[in-house]
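Accompanying notes for the structure given below.
The values are calculated or read from the model by the stated rules, or taken from the named source; none is laboratory data. Here the structure is a predicted model, which is why all the values come from computation and not from measurement. All Cβ positions, glycine included, derive from the backbone under ideal geometry; neighbour counts span all protein chains shown. Side chains are part of the model used for accessible areas, which takes the heavy atoms of the whole protein and leaves out ligands, DNA and RNA. Shrake-Rupley method; radii C 1.70, N 1.55, O 1.52, S 1.80 Å.
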Amino acid sequence: MSVTERPGPVLAPPPGARGLADGATSDRAPDASTAPPGVLAALRWGLVRDLRIAVRSRAELGVQILFYVIVVSLFPLATSPERNLLQTLGPGVLWVAALLASLLSLPRLFASDFADGTLEQMALSPFALPALVGGKVLAHWLATGLPLVLLAPLLGLQYALDAEVLGIVAFSLLVGTPILSLVGAIGAALTLATRGGGSLLALLVLPLYVPVLIFGAGSADALRGGLSAAPNLSLLAAGLLVAIVGAPLAAAAAVRIALD
């Protein structure tokens, strides 16, 4: 007599495990049936998704980096080659060019997701919308702000800046450019449903960028004047902490207003 083996029970994955894996690899917005709520999971999803999109649109990123390089390189050609003058202009030019380059990419932060309905799905998902927005802003800085920080010491050589001053400029950009992305996200969200959003966005965020510009460029000027750069860098770091806490909440509230 032959004995037939009965198949054992199939163990299903725990609830939410499949959705979490899918959410990490899909460009679609998370929804209630595929992803469990969680701040870190939402932050990671927004970060990974927007970085993947940025890699696909390398041409747009190249335009922004090229803009930064051209703007910084034009000033030595348009002014006197006198060494002291170039050293005085250098930190400010590097900061202004970084500010303008960051502003150039801000309208794309939410616009495409708003146009195809992805932003509405994010708002309706169980994930915290401020965390999703925070992930998008972090991806925006990694794709657009960090390359400017890395290029700044090289481009600063055109202004005959000392190695110590170049280091302070790069460090101030490392601390200050995330503030530009965080504050810019609020303006980008506020101008989502408006006509001529790009011009209005510039009018909204440029006045808010002024303190960051002053303290960022001022740190290098203080060092060149024989003073400590610590006060300016400390104020920049304090501004970054305030922006990290408040900007995602404000941008998420502005997104909800635009969707209503």
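Per-structure values
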quantity: Residue pairs meeting the criteria (Cβ under 9 Å; at least 6 apart or on separate chains; first under 15 Å from A139 (Cβ atoms) and open to solvent by 10 Å² or more (accessible area, probe 1.4 Å), in the range 37-50; second in a helix (DSSP H, G or I) and among the hydroxyl-bearing types (S, T, Y)); calculated: V48/T25
quantity: Residues located in the range 110-120, provided they are open to solvent by 20 Å² or more (accessible area, probe 1.4 Å) and either at pLDDT 90 or above or among the acidic types (D, E) (or both); calculated: D116, E120
quantity: Qualifying positions in the range 149-167 - in contact (Cβ under 8 Å) with a residue 60 or more places away in the chain, open to solvent by less than 30 Å² (accessible area, probe 1.4 Å) and assigned to a helix (DSSP H, G or I); calculated: L155, G156, Y159, V165
quantity: L173, sole failed condition from (1) within 14 Å of A97 (Cα to Cα); (2) at pLDDT below 95; calculated: (2)
quantity: Yes/no for L104 being open to solvent by 70 Å² or more (accessible area, probe 1.4 Å) and assigned to a helix (DSSP H, G or I); calculated: yes
quantity: Residue in the range 109-125 that is assigned to a loop (DSSP other than H, G, I, E, B) and under 17 Å from the mean Cα position of the chain (by Cα) present; calculated: yes
quantity: Test: residue in the range 2-13 that is modelled with pLDDT of 80 or more and either exposed (fewer than 11 other Cβ atoms within 10 Å of the Cβ) or over 28 Å from Q158 (Cα atoms) (or both); calculated: no
quantity: Candidate set from the range 230-260 (those that are in contact (Cβ under 8 Å) with a residue 60 or more places away in the chain, over 16 Å from M122 (Cα atoms) and not hydrophobic (A, V, I, L, M, F, W, C)); member that is surrounded by the fewest Cβ atoms within 10 Å (Cβ to Cβ); calculated: G239
quantity: Test: residue in the range 183-194 that is open to solvent by less than 20 Å² (accessible area, probe 1.4 Å), touching a residue at least 60 places away in the same chain (Cβ under 8 Å), within 29 Å of T88 (Cα to Cα) and not hydroxyl-bearing (S, T, Y); calculated: yes
